[in-house]
Amino acid sequence: MSDTSHNIEHTLHPLKKIEIIVKGKREHFVQDLLEKSGVSGYTIHRNVAGKGASGFHEGHLLFNDEASLVMFFAVSDQSKIQAIINGLSPLFESSSGVMFVSDTKVVRLTKFLSAEGQQDDGS
Amino acid sequence: MPTDLSALRARVENAAKVLGRCWPLQSYIAANPLAGLEKLPFDEAVAEGQALYGGRGYPSVAQLRAAWDAGAINANHLADRLEAYGFTESPAHLLDRMEAATPPSVNRSNDSLLNRVMAKWLAVFVDQGQATWTMPRRQEGFYAAWRAVAPYDTTLAHRDCLHDLPERPLEALAAALSDVEPSQWERVLRHHLTALPGWASFIKWRSQDRHDAWQAAHPITMTGYLAARLHTARAIGLPVAPDGVAEAAVGASRNGRDRPAMAAPWLEAWEATYREQLLHDVQAAAATIHTGAAPDRPKAQLVFCIDVRSEVIRRHVEQAGPYQTFGYAGFFGLPMQFQPYDSDNRITACPPIVDPKHRIQEVCGDHRPDAAAAHERWVALGRAWQRLIKSLKHNVAAAFGFVEGSGGLFGVAMAARTLIPGWLRTQHQAWAKRVPTSDTFCDLSLDRAPAADHADGLPVGLSAEERSYYAEAAFRLMGWQQFAPVVVFTGHGSETVNNPYASSLDCGACAGHPGGPNARILAAICNDPAVREVLSERGIVIPEDTVFLAAEHTTTTDAVRLFHPPTLTERQAKIVDQLRRDLHTARVQAAAERAPALQGARRSHAVADTARRAADWAETRPEWGLSGNAAFIMAPRALTAEFSLDGRAFLHAYNWQTDDRGTALETIMTGPLVVGEWINMQYYFSTVDNAVYGSGSKITQNVVGNVGVWQGNGGDLMTGLPLQSLQVDDATPYHHPLRLLAVVYAPRARVSRVIERNAQLRSLFDHEWMALTVLDPEHSNRRYVYQPGGTWATPSTESRDDQDTEPALAL
């Protein structure tokens, strides 16, 4: 490790983090929403197991990729996270799934604020 | 993205939830047309289906009367069910009353101008090679292509309003809904999606499929379709939100438990009658399963697909010699796309609930260059001929002269195809023998080949670990204990001509494709010494004298063709020679067994008749497909081998004694069983209301865009099975519309744990989309019947208590 790394005090910038857990068949929708919302990136955990209102969902089923859960998380500023919340809230009126929003801090702020939302194509 | 637009996107997703998915004809998938309503109890869902689509949810009075008259509904079971539902009248009187109470058929014609216009534009947009002149600007997506041409559509009185539409579909949809309260958006969108449910279901499938080449080239989304539809409504002068739509919520028309359909007890009694006999037979076999001596090593073992049609041929193979058979999902556990030799076509060869994770290519090997060259020559000749005919037929200048000049020749060919199709098939087969098939000179790209990967595709080949994993999974799931000198993985496909529904007769586990490639790949994996070494370390010891072969069972003719084998020892070669002869014997027997059910077939000429059906272009029913399916049995073959299941049961090999942790059972129940439920529900609904959930008579169908069929010359895409696949004639049913019974031979506590850990399974059982009975080998093979809510009942014949209800979980 270099000597200088001990001496630099990194500045932490406050941002919002959203975690989303939905059924596998909603993965496409949520991924599309994140792409369009303008977050600079996101993480997907597939084959997530867990228990919710509709009961236990096993992960890693060998012959069924639709039944298990998918978890996303993304970090961005308040406005973009709010857009995701607004896009998901109607979905959760009739589909099972949860989202959690929390405060978080990052070092490299530009990494999380650089992207613009993708435009719809003509399909 | 503005807030209201992101909310609108979610409203579109919600509105589309009631729809099932509809696959294109090339990979017909038998799926529940009410899949979008499976979260509701069956009784409520079918009532909702009636409200949304006008479809009947229970067998018609005529179907029930036919079953009652034929003795398919036991009087005691019926009395029991009628009493439970509070009906006190006699069955005959009840049938009369149901007949009188049947509402006159409501004409839910979708032949409105709006539907006609949308069906027209959808058909030209999604065309997959049928049209000679294609829609312009398709590569920009459906909405963009429609937006470019719609202002010139002279059927739209107010088409001027289409000139300045927003460029983006979501914004266009928001603009179309500008006069509608946001709280009503979802209902309005659902109204429009269910107006042409066939097309909407097709869009739903295509927009969600990540690997479809047509979607990649010409994308279409639900949002784009809705935007086009709502603006078309405006251009016709129709309100975007017709009167009454805003009030129509899902569930508003529910036929609740307090007011059950009158047909429900009849259906349940019909199911109970079939199930009682089946379970009696299986239970009797279970009682003897441990008393026999250890079986001798069979000469050969054949693994067939779980498909109900395999049961018939398996029985006759077992009777023909010292052979053992197994049932396994016909994609042989390989989640893959297959790219045949000399083709750009990538075939998804795994069930619709499994994402393909690998691509396997058939590549020309260097071991038989002569065969490869001969194949190339013949194929090139055939293609050149086809191109010539097509260009002559479609070329404006050449078409008239071509018809004049070649009419006589084509007339003779037409007469021959009509009058002597069997003879033509024999001649064609004799000719085809000269053309080496790709399995004789090609290798399969089993090794990982990163250089062959496409940026848009899947990894080509399998890693060493993956190869061992899929081989191990196969043997673990089937509870394999002893290997014969010859093991044959046998996929299946059909043989039929002039049949848009050809893929519905192929292997459902291979997404409506023949299963031969999957069988070849698993056989090649299992012959790999490195794989065998890994399996041996994991406790699956394959003897050195065991060789794995691949074959394909043609369900139309019951012929089983062995693919080009690897090098065989003398002993193995002898066994294979004998097996070929015995497979022919089994074919003759199986065809004769099926003959009485196929109109016009004679037992004595059954093989010739099946060959004729396979080649006859006027044949509307080359085979019965999966008609009759009603049960899914997860047990060792010994429980079902001694009696005929009449080709009505899916059979998956399962050995509870080699699966202490229940992982094999969980895989079978969450995978193959769920697909079995899809198939069963497709056959069920296509039978109880063929006009709405099926696709009507083949006689009046036309193929549209190579993606589906419609009746006549327009309208909605028909999503289900044709009448001829289900009925002997207009009045005589062949398929019995019964919900699937899952039978598991395993400790009940283990089955309970699987259900408890898988919400999808529990929902299907709790909501009575299928039923479950366990035969518990740890409790004297006692029968336990799963009850909605998670309890178990023991049939009164087996217990002093009428309802020996116990908690589902003995934890």
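The values are calculated or read from the model by the stated rules, or taken from the named source; none is laboratory data. Just so it is clear, the structure is predicted and the values come from calculations on it, not from any experiment. So basically every Cβ, Gly included, is an ideal-geometry build from the backbone, and we count neighbours across all protein chains shown.
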- the range B:33-47, residues that are surrounded by fewer than 22 Cβ atoms within 10 Å (Cβ to Cβ) and either closer than 16 Å to B:PHE202 by Cβ or within 14 Å of another protein chain (Cβ to nearest Cβ) (or both): B:ALA35, B:GLU38, B:LYS39, B:LEU40
- Count - residues of the range B:443-460 that are away from chain A (no Cβ under 14 Å) and either in a helix (DSSP H, G or I) or over 21 Å from B:PRO565 (Cα atoms) (or both): 12
- Task: Kindly indicate whether any position in the range B:696-705 is in contact (Cβ under 8 Å) with a residue 12 or more places away in the chain, more than 30 Å from B:VAL124 (Cβ to Cβ), in contact with a strand residue (DSSP E or B) (Cβ under 9 Å, 6 or more places away or on another chain) and crowded, with 20+ Cβ neighbours inside 10 Å.
- Result: no
- Query: In the range B:556-589, how many are surrounded by fewer than 17 Cβ atoms within 10 Å (Cβ to Cβ), in contact with a helix residue (DSSP H, G or I) (Cβ under 9 Å, 6 or more places away or on another chain) and assigned to a loop (DSSP other than H, G, I, E, B)?
  - Reply: 3
- Message: Looking only at the range B:752-775, count every residue that is within 16 Å of B:TYR654 (Cα to Cα) and touching a Gly at 6+ places or on another chain (Cβ under 8 Å) and tell me the total.
- Response: 1
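Residue-wise test of (1) touching a Ser or Thr at 6+ places or on another chain (Cβ under 9 Å); (2) at pLDDT 95 or above; (3) assigned to a loop (DSSP other than H, G, I, E, B).
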residue	(1), (2), (3)
B:ARG229	no, yes, no
B:GLY251	no, no, yes
B:ASP258	no, no, yes
B:ALA286	no, no, no
B:ASP296	no, no, yes
- Kindly indicate whether any position in the range B:181-204 is within 14 Å of another protein chain (Cβ to nearest Cβ), out of contact with any Lys or Arg (no Cβ under 9 Å at 6 or more places or on another chain), within 26 Å of B:TRP23 (Cβ to Cβ) and in a helix (DSSP H, G or I). yes
- What number goes with the only condition from (1) surrounded by fewer than 24 Cβ atoms within 10 Å (Cβ to Cβ); (2) at pLDDT 95 or above that B:PRO672 does not pass? (1)
- Note on the structure: Inside the range A:67-113, the number of residues satisfying the requirement of being closer than 30 Å to B:GLU666 by Cα and either buried (at least 21 other Cβ atoms within 10 Å of the Cβ) or in contact (Cβ under 8 Å) with a residue 40 or more places away in the chain (or both) is 13
- Item | Residue check, B:GLU89 more than 14 Å from chain A (Cβ to nearest Cβ), assigned to a loop (DSSP other than H, G, I, E, B) and on the phi < 0 side of the Ramachandran plot | yes
- Task: Only residues in the range B:327-341 that are free of Cβ contacts under 8 Å to residues at least 60 places away in the same chain count as the first member; pair them with residues that are of a type in the set (Val, Ile, Thr), Cβ under 7 angstrom, at least 6 apart or cross-chain, and list the lot.
- Result: B:PRO335/B:VAL354
- Selection over the range B:639-653 where residues are among the charged types (D, E, K, R) and within 26 Å of B:VAL674 (Cβ to Cβ) yields a count of 2
- Message: Exactly one of these conditions fails for B:GLU495: (1) in a helix (DSSP H, G or I); (2) touching a strand residue (DSSP E or B) at 6+ places or on another chain (Cβ under 9 Å); (3) charged (D, E, K, R). Give me its number.
- Response: (1)
- Note on the structure: Among helices (runs of 4 or more DSSP H) completely within the range A:47-123, the ones holding 1 or more residues that are closer than 30 Å to B:PRO351 by Cβ and either under 17 Å from the mean Cα position of the chain (by Cα) or more than 9 Å from every other protein chain (Cβ to nearest Cβ) (or both) are A:78-88, A:91-94
- Scope the range B:756-765; condition closer than 20 Å to B:ASN680 by Cβ and either away from chain A (no Cβ under 14 Å) or touching a residue at least 60 places away in the same chain (Cβ under 8 Å) (or both); matching residues: B:ASN758, B:GLN760, B:LEU761, B:SER763, B:LEU764
- Breaking point among (1) crowded, with 22+ Cβ neighbours inside 10 Å; (2) more than 23 Å from B:GLY512 (Cβ to Cβ); (3) in contact with an Asp or Glu (Cβ under 6 Å, 6 or more places away or on another chain), for B:LEU639: (3)
- Pair list, Cβ < 8 Å and 6+ apart or interchain, from the range B:461-480 residues that are within 12 Å of chain A (Cβ to nearest Cβ) and assigned to a helix (DSSP H, G or I) to residues that are surrounded by fewer than 20 Cβ atoms within 10 Å (Cβ to Cβ) and among the basic types (Lys, Arg): B:GLU472/B:ARG538
- Message: Being surrounded by 10 or more Cβ atoms within 10 Å (Cβ to Cβ), more than 22 Å from B:LEU381 (Cα to Cα) and modelled with pLDDT under 85 is the requirement here; does B:ALA415 meet it?
- Response: no
- What is the number of the single condition among (1) within 13 Å of chain A (Cβ to nearest Cβ); (2) not in a helix (DSSP H, G or I) that B:ALA131 does not meet? (1)
- Item | Breaking point among (1) surrounded by fewer than 22 Cβ atoms within 10 Å (Cβ to Cβ); (2) in contact (Cβ under 8 Å) with a residue 12 or more places away in the chain, for B:VAL303 | (1)
- How many of the residues in the range B:11-32 are within 14 Å of chain A (Cβ to nearest Cβ) and hydrophobic (A, V, I, L, M, F, W, C)? 7
- Message: I'd like to know if the range B:784-798 contains one or more residues that are in contact with a Leu (Cβ under 7 Å, 6 or more places away or on another chain), surrounded by 19 or more Cβ atoms within 10 Å (Cβ to Cβ) and modelled with pLDDT of 95 or more.
- Response: yes
- Task: For the range A:13-36, state whether one or more residues are touching a residue at least 60 places away in the same chain (Cβ under 8 Å), at the interface with chain B (Cβ under 10 Å from one of its Cβ atoms) and touching a His at 6+ places or on another chain (Cβ under 8 Å).
- Result: yes
